[in-house]
Amino acid sequence: MSSSTPLPHCRVLLRSKDGVEVFSVPSERDQESSITTATTRNFLFKGPTTSQALLPDGSAVLVQRPDQGIFKLDLTANTTAETTTTPFFQQSTSRVQIMDVSPQGTFLLTWERAQEGETPNLKVWRISDGALVIGFRQKSLSRDSWPYLQWTNDEKLAFLHCTNEVRVYPGSFPQAQETRFLEKMRIPGITSMSVPSQAPGTAGRILFTAFIPKDKNKPSRAALFEYPSSQPSHPTTGYPALLSKSLFQAEEMTVHWSPKGDAALIALQSTVDTSGQSYYGSTSLYLMSPQVDDTVAVPLPQEGPVLDVAWMPNPDKPPTFTVIAGRMPAMASLHNGTDGKATFLFGNRHQNTVQWAPHGRFLFLAGFGNLAGDMTFWDKNKEKQIPPAYPVTAACTVGYGWSPDSRLICVSTTSPRMNVDNGCHLYRYNGDKVSRTPWDNQNYLPDRLLQACFLPALADVVYPDRPQSPSLKDLGKGPDAASATTAASTAGAAAPKPAGRYIPPSARNRAGGGVGGGTSLAERMRAEREGTMKGAQRVVDKKTPVKVVGVTGQVVVGMAPPPTEQGKSKSAQRREKQKQKKQEEEARKKLEEKLAADQKAAAAATESMDPEKRARKLKKILKQIDDLKQKDPETLNDDQKKKIASEAELLEELQKLGI
C-alpha cells in the first residue's frame with residue numbers, strides 16, 4: 001500500500017443494553033473534521049446481550065441473547081437492524097455461560113452448567129456452519145482454569161485440561177465425537193494450564209505451563225513443559241517438566257507468553273503478604289524459557305506487588321516486556337526478554353496498567369481502577385515520553401485498547417462495573433483527545449453501555465508501522481499552537497518550587513530521616529510532591545569484575561587491568577595491544593628470574609645443611625613412602641604419587657651422604 005493511498009478506517013464496536021453498533025473512525029488528524037455524530041442509531045443487532053466473542057480476522061462477532069442462544073453477526077457487510085430470532089448454531093446455546101474462539105477463528109468453545117443425565121457440557125462448535133463438533137464433560141467452572149480446551153496457533157493440536165492430566169487431540173477433531181486423544185500427559189494435582197495460542201511457537205515443539213497448588217507438605221509449583229518430551233514420563237511425578245518453580249504461599253498463576261511463544265512470564269499470587277506491607281497479598285514474577293537452564297526471578301527496581309505485565313507484541317523485534325510493580329507511586333520498567341534484567345525506567349507514578357500498541361512502537365501507562373486515571377504515552381524506539389498538549393486523565397475507565405493501526409486508544413466506562421457516566425472516548429497515541437466521535441455518548445447514560453472495543457483488522461488490510469507525526473504545535477498551526485504554549489508557561493509560572501521541610505541534623509543521613517527516604521505513606525506522598533521520586537532513565541548494567549589476562553589469554557601475575565577499548569581508533573588499539581604484550585613478556589621474565597633465584601637459594605641451603613640432619617630427614621621421607629606403598633594406588637592423590645616417584649633420587653642422595 002503506497003503512502004499516497006489513504007489507509008482504511010478503523011472500526012469500533014459498541015455493545016449496549018439496546019443492541020450492537022459498529023462505527024468507522026479515521027485515525028488521521030486531518031480527517032477528524034469529516035467525522036459527524038449520528039443523529040439516529042443504526043443497530044447491527046437489536047436487544048440486550050450478555051457476552052460477545054470476536055473472530056481474529058474481524059469478519060464476524062458472536063453475541064449471546066439471554067434465553068435464546070448465540071448469534072453470528074457479519075461485520076463485512078453493511079447491514080443494519082438484524083431482525084432474525086433464530087440462533088446461528090444448530091443446537092441450543094441458550095444456557096451458555098462463557099465462550100472462547102480458537103486462534104484462527106475456526107471453532108467456538110462454550111461451557112454451560114451441567115445437568116443430571118446430560119453428558120457433554122463443554123462443547124466445540126464449527127463457526128463456519130454452526131455444527132457441533134465434539135463435547136466433553138466438565139462439571140464445574142473455574143475462571144482461573146478457563147479455557148479448559150486450548151489450541152495451538154495453527155490449530156493442528158488441541159490440549160484438554162482434565163483431572164490430574166492433559167490430553168492432546170487433533171485440532172480439527174476429524175472423527176467428531178469419536179476422535180481419540182493422541183497422548184495423555186499425567187500431571188498430578190494440575191488446576192490450570194496455558195498454551196501460547198496467539199504465538200506461532202517453535203517448529204516441532206510446543207510449550208505449555210501448568211500450575212499445581214500446594215498439598216499437605218508439598219509447596220505450590222509452576223512448571224514449564226514441552227510436547228513432545230524427549231524424556232520418559234515418571235510413574236510417580238508424571239510428565240517431565242523442563243523448568244519449575246515452587247512456592248509455599250502461591251495460590252494462583254497468571255501466564256504471559258512472549259510474541260514467539262518461546263518464553264513465559266509466570267506471575268504467582270498469594271492472598272496473604274507475610275511481610276505485612278500489602279493488604280492485597282504478594283506477587284512474584286519469574287521468567288521461564290528453554291534457552292535458560294533455570295527459572296529466572298525477574299529483578300524489579302522497586303519492591304512491592306506486581307501490578308501489571310505486558311510483552312512487546314512485535315515478534316520481529318528483540319523480546320522485551322514491561323512491568324509495573326511496587327507500592328504507590330509504582331515504578332514502571334522495561335526489561336530484556338532473554339535474561340529479565342531492567343534496561344529502562346519509566347519513573348514513579350500512580351499507575352497500574354500498561355498497554356502496548358500492536359506494532360510495538362508506542363505504549364501507554366495508566367492508573368485505572370481505584371486510581372484517578374492519569375495516562376502517559378511513550379515511544380519505545382526513542383525511549384522517550386510523548387508530551388501531550390494537556391495532561392490526560394481518563395477517570396472511571398473500565399475498558400481500554402489500541403486500534404489495529406497503533407494510532408488510536410479507546411477508553412470506556414461500562415456497566416455493571418460503573419453504573420454512572422457510561423461512554424466511550426478516543427485518544428491519539430500522543431495523548432490528544434479526539435474531539436469528535438461518530439456516536440453520541442448521551443445515548444449510553446447513565447448505565448447503558450456494556451462493552452466497547454476496536455475490531456481487528458480484516459484479513460486483506462495491513463497497517464504499516466508509522467513513527468510519530470509532527471503535532472500542530474510543532475508545525476505552528478491550529479488553535480493549540482499558541483494556547484498550549486501559553487498554558488504551559490502559565491502553569492510553570494504558577495507552580496513555584498516547593499520548599500523542603502526542615503530536617504534536624506541527627507536525622508539527616510539516616511534511613512527515613514531525609515525527604516523520600518522513608519517507606520511510610522506520608523514519606524512517599526511528600527517525596528512525590530517535592531519531586532524526589534525517580535524519573536525516566538536508562539539502566540546502566542554494572543559489569544562484573546573480569547579476571548586480568550594478557551594478549552595470549554593467560555593470567556599475568558601483578559599486571560594491571562587492560563584499558564577499555566571503547567572510543568579508540570584501530571591504530572590506538574593496536575598500539576595498546578603491543579604495549580600490553582611487551583609488559584606481559586617483561587613480567588614473565590621477571591617471574592622466571594625470581595623462580596630461578598629461589599631454586600639456587602634452596603640448593604645452597606641444602607648443601608650447607610648438616611649431613612646427619614639431612615640423612616635423618618631423608619630416612620623420614622623414605623619411611624613415609626613405604627607407608628604410602630601399602631595403600632591402594634587409586635586412593636592416592638597427585639602429591640603422594642610424586643613423593644613415591646622421588647624414592648630413587650632420595651636413596652641416591654642418602655647413599656652419597658655415606659651415613
Working carefully through the options Gly360, Gly347, find the one that is open to solvent by less than 40 Å² (accessible area, probe 1.4 Å) and either at pLDDT 90 or above or hydroxyl-bearing (Ser, Thr, Tyr) (or both).
Gly360
Residue satisfying all of: in the stretch 440-461; open to solvent by less than 60 Å² (accessible area, probe 1.4 Å) and in a loop (DSSP other than H, G, I, E, B); farthest from Ser415 (Cα to Cα) among these
Val461
Where Gln97 falls short, out of the listed (1) surrounded by fewer than 17 Cβ atoms within 10 Å (Cβ to Cβ); (2) not in a strand (DSSP E or B)
(2)
Does the stretch 576-585 include one or more residues that are farther than 28 Å from Ala645 by Cβ, modelled with pLDDT under 85 and open to solvent by less than 80 Å² (accessible area, probe 1.4 Å)?
yes
When you check Tyr400 against the structure, is it assigned to a strand (DSSP E or B), among the aromatic types (Phe, Trp, Tyr) and open to solvent by 10 Å² or more (accessible area, probe 1.4 Å), yes or no?
yes
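Do we find that Ser140 is surrounded by fewer than 20 Cβ atoms within 10 Å (Cβ to Cβ), over 18 Å from Gln64 (Cβ atoms) and under 24 Å from the mean Cα position of the chain (by Cα) in this structure?
So Ser140 does not fit the description; no.
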Any idea which residue in the stretch 470-491 is modelled with the lowest pLDDT, counting only those that are open to solvent by 50 Å² or more (accessible area, probe 1.4 Å) and assigned to a loop (DSSP other than H, G, I, E, B)?
Pro479
Only residues that are within 23 Å of Tyr463 (Cβ to Cβ) and free of Cβ contacts under 8 Å to residues at least 60 places away in the same chain: list them for the stretch 367-380, please.
Met375, Phe377, Trp378
Any chance you could count how many residues in the stretch 324-343 are hydrophobic (A, V, I, L, M, F, W, C), in contact (Cβ under 8 Å) with a residue 40 or more places away in the chain and open to solvent by less than 10 Å² (accessible area, probe 1.4 Å)?
4
Condition set within 14 Å of Ser194 (Cβ to Cβ) and in contact with a strand residue (DSSP E or B) (Cβ under 6 Å, 6 or more places away or on another chain), scope the stretch 244-261, selection most open to solvent (accessible area, probe 1.4 Å): answer is Glu252
If you check every pair at least six apart or on different chains, which have Cβ atoms under 7 Å apart with a residue in the stretch 381-406 that is free of Cβ contacts under 8 Å to residues at least 60 places away in the same chain and within 30 Å of Val420 (Cα to Cα) first and a residue that is assigned to a loop (DSSP other than H, G, I, E, B) and acidic (Asp, Glu) second?
Pro388/Asp432; Cys396/Asp421
Matching residues, the stretch 22-42, being surrounded by 17 or more Cβ atoms within 10 Å (Cβ to Cβ), out of contact with any His (no Cβ under 7 Å at 6 or more places or on another chain) and modelled with pLDDT of 85 or more:
Val22, Phe23
Apart from one, (1) in contact with a Gly (Cβ under 8 Å, 6 or more places away or on another chain); (2) open to solvent by less than 10 Å² (accessible area, probe 1.4 Å) all hold for Val296; the odd one out is (2)
Can you tell which of Thr271, Thr322, Thr295, Thr283 is out of contact with any strand residue (DSSP E or B) (no Cβ under 6 Å at 6 or more places or on another chain) and hydroxyl-bearing (Ser, Thr, Tyr)?
Thr271
Can you tell me which residue within the stretch 627-659, out of those that are in a loop (DSSP other than H, G, I, E, B) and of a type in the set (A, V, I, L, M, F, W, C), is most open to solvent (accessible area, probe 1.4 Å)?
Ile659
Boolean, Ala648 is of a type in the set (Gly, Ala, Ser) and modelled with pLDDT of 85 or more
yes
Give me the residue from the stretch 374-397 that is out of contact with any Asp or Glu (no Cβ under 9 Å at 6 or more places or on another chain) and buried (at least 18 other Cβ atoms within 10 Å of the Cβ) and, out of that set, farthest from Asp294 (Cα to Cα).
Thr397
Condition check for Phe71: more than 29 Å from the chain's Cα centre (by Cα), surrounded by 13 or more Cβ atoms within 10 Å (Cβ to Cβ) and assigned to a loop (DSSP other than H, G, I, E, B)
no
For Ile409, the lone unmet condition from (1) modelled with pLDDT of 90 or more; (2) touching an Asp or Glu at 6+ places or on another chain (Cβ under 7 Å) is (2)
Does the stretch 27-44 contain at least one residue that is assigned to a strand (DSSP E or B), under 26 Å from Thr413 (Cβ atoms) and not charged (D, E, K, R)?
no
Of the residues in the stretch 168-189, those that are assigned to a strand (DSSP E or B) and either open to solvent by 70 Å² or more (accessible area, probe 1.4 Å) or touching a Cys at 6+ places or on another chain (Cβ under 9 Å) (or both) come to Lys184, Arg186
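The values are calculated or read from the model by the stated rules, or taken from the named source; none is laboratory data. In this text the structure is predicted, and so the values were computed from the model without any measurement. Backbone-built Cβ (ideal geometry, glycine too); neighbour counts: all protein chains shown. Each accessible area value is taken on the protein alone, full model and side chains, heavy atoms only, with ligands, DNA and RNA left out. Shrake-Rupley method; radii C 1.70, N 1.55, O 1.52, S 1.80 Å.
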